[in-house]
Structure formats: C-alpha cells, structure tokens
Amino acid sequence: VATHAFRAQNALDLTPALKLVAGVRYDTIALQRDTLANPTTTPATAFSTFRQDYHPLTGRVGAVWALTPQVNLYAAASHAAEPVSQLVSLNVSQADFSLQRGRQYEIGAKGSWWRGRVDATVAVFDLRKKDLLTSTLDPATGLRISQQVGAQASRGAEVALAISPAGGWRIEANAALTDARFEDFNENLGTTIISRAGNRPTNVPRWVANVFVAKRFASGLSLSGGPRYVGERFGNNHNSVIAASYVTMDAAVSWTSRRWHLTLRGRNLLDEVYEPVAGTTMRRLADPRSVEGSMRWTF
C-alpha cells in the first residue's frame with residue numbers, strides 16, 4: 001500500500017467575533033495484492049491478484065461566532081471517505097467496491113458561566129454515509145457474500161451540562177437523540193430482494209444518557225460514579241429482533257498521597273444482564289458486576 005496525502009487548512013478572523021475555518025485534503029492510494037499460489041514450494045511462487053487506486057478529495061468548512069464572551073455559536077460541514085475495510089486486508093471479492101463516502105452537517109452552541117463552573121453544549125447534526133459494506137446471500141450459490149448498501153443517514157441532537165459547585169463537587173449530565181435509518185438499501189435474501197429503506201440500522205439506540213457525579217476531599221480521597229442509559233436497539237435489518245434497553249451503574253473511590261495513587265472501581269453495580277451488541281441469532285452478554293483495584297506509584 002503506497003499512500004500520499006496533501007492538505008491545506010486555514011482559520012480567518014473576519015471580525016473580532018467571527019472566525020471562518022476551512023480545510024481540504026487530497027489522497028492518492030495505490031494498492032497491490034499478491035497472493036501466494038503455492039507457498040510450500042521453494043522458492044514460493046506468487047502472482048498478482050489485483051491492483052486498485054483511490055483518489056479521494058475531502059474537506060471541511062465552518063464558522064465560529066462569539067455571541068458573547070461566554071457563548072460561542074458554530075456551524076460546520078465536512079466530507080470524508082474511507083475504504084470498506086482496512087487496506088491491508090482488502091481481498092479480491094472487495095476489489096471493485098468503491099470508497100465509503102460520508103458527509104456531516106452540524107450546528108451548535110457552547111457556553112461557560114459562573115466563572116467557568118458551569119459549561120453547556122447543545123448540538124444538532126445531520127450525517128449521511130453511502131456505499132456501506134454489509135453481508136447478504138448470493139441468489140445463485142446461496143453463499144454469504146458482501147455488498148454495498150445505498151446509504152445510511154442519521155439526524156439528532158446532543159445536550160451536555162457540567163457544573164462544578166464549591167466543595168470539590170463535579171456534576172455532569174448528557175443525553176443524545178439519534179434518528180438513524182437506511183436509505184436505498186435493497187437486501188438480497190437469496191430468494192427475494194427486500195427494501196430496508198426507512199429501517200433503523202442494527203445496534204443503534206435512539207436514546208443514550210449519562211450522569212456522572214464526583215466529590216474530592218482535602219485528604220486526597222475522591223468518590224465518583226453514576227448511571228448510564230442505552231435505549232433499545234434492533235438486531236437485524238428487518239427490525240424484527242429487539243434488544244431491550246438497559247441501565248448500568250459504575251462507581252469508583254480513589255486516594256492519592258504523595259507518590260501513591262490507589263483506586264477501587266465497581267462496574268455494573270446493579271448486575272444488569274444486557275447485550276451491548278445484538279445479532280439476529282446470537283447475542284453477546286456484557287460483563288456482570290465486577291470490581292477491580294489498581295495501585296500506581298510514581299518516581
């Protein structure tokens with residue numbers, strides 16, 4: 001794999017309150033795959049399986065507006081590209097696949113108040129990625145093969161709030177809503193082709209939320225922890241297999257004294273039985289309640 005990349009970027013202050021940012025990148029990727037026909041012979045014989053070249057042009061543009069000394073508004077648009085798998089593992093069956101291309105639009109606001117003790121972020125995003133790689137059945141042989149779907153899109157919003165009141169307290173909370181769906185995806189099932197357009201992609205929750213609370217004491221002792229919520233997800237493209245939502249609770253206690261730093265962490269304290277990844281016929285369960293300790297000594 002031989003790659004060359006050229007990029008340029010700039011930030012321009014149009015006014016003391018308005019800044020424009022932009023960047024462009026051009027990549028040239030030359031891939032050659034040689035497969036050993038008979039590696040047991042001496043010397044091993046080889047033949048070139050295929051060559052492939054990629055020349056993606058990507059970039060981004062955005063603006064930041066200082067509405068007040070404490071509040072910034074921003075907007076950004078970007079375009080990216082990547083191969084369907086790692087280049088070193090790209091095989092003959094994937095040789096004719098194009099790069100996966102995506103674009104993202106985002107607008108939001110960031111603010112800080114109360115002498116930096118309160119931070120807040122609000123963002124709205126719109127993403128689209130096309131030519132994603134998925135598995136399907138070959139209608140002629142019935143074997144599992146790979147194909148590129150038309151597109152996958154998601155729109156949503158994120159909200160985050162962090163407060164640092166007096167007394168060594170730190171409280172953080174965030175939530176995200178994602179409306180993801182397939183676009184132009186006709187799945188080949190071997191006996192028929194079914195459109196999955198409008199369905200939600202697998203393992204994408206609609207809601208995710210976190211709360212984190214920490215307390216520091218003058219003695220070097222620190223306590224932290226909080227819950228995490230993940231909404232239900234689908235385990236197949238048909239959206240007929242559902243993985244239930246779940247809530248987990250993590251906590252930690254640490255103590256620092258000069259060169260010593262001791263930490264005790266508890267994960268999934270509610271002993272929730274849940275599936276971080278859901279499949280059509282197979283589920284992978286997450287770790288049960290667990291506790292781990294660590295000790296660090298600096299010198």
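Tabulated data
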item	result
From the coordinates shown, Rg and Dmax of the Cα atoms in Å corresponds to which of [x] 20.6, 65; [y] 25.0, 74; [z] 18.7, 61	[y]
Carbon/sulfur fraction of accessible area - segment 191-244, other protein chains in place, 1.4 Å, %	60 percent
Sites Ala22 and Arg128, calculated FRET efficiency, Cβ-Cβ separation with R0 35 Å, nearest 0.05	0.95
For segment 201-299: accessible area per residue (Å², 1.4 Å)	65 Å²
Approximate spin-label separation His4-Trp297, in nm, with each point projected 7 Å along Cα-to-Cβ	5.4 nm
Proximal charge balance of Thr298 [Cβ under 14 Å; K/R count +1, D/E count -1]	+3
Around Arg128: net Lys/Arg minus Asp/Glu count, Cβ-Cβ under 10 Å	+3
Longest exposed-site-free window of the chain, the sites being GluC sites (Glu not before Pro) in a DSSP loop that have at most 16 other C-beta atoms within 10 Å	1-231
Gaussian network model of the chain, Cα within-10 Å springs - most flexible of Trp260, Trp114, Trp65	Trp260
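The values are calculated or read from the model by the stated rules, or taken from the named source; none is laboratory data. Everything quoted here is computed from the prediction, not taken from an experiment. Backbone-built Cβ (ideal geometry, glycine too); neighbour counts: all protein chains shown. Note: areas computed on protein heavy atoms with side chains; ligands, DNA, RNA excluded. Shrake-Rupley method; radii C 1.70, N 1.55, O 1.52, S 1.80 Å.
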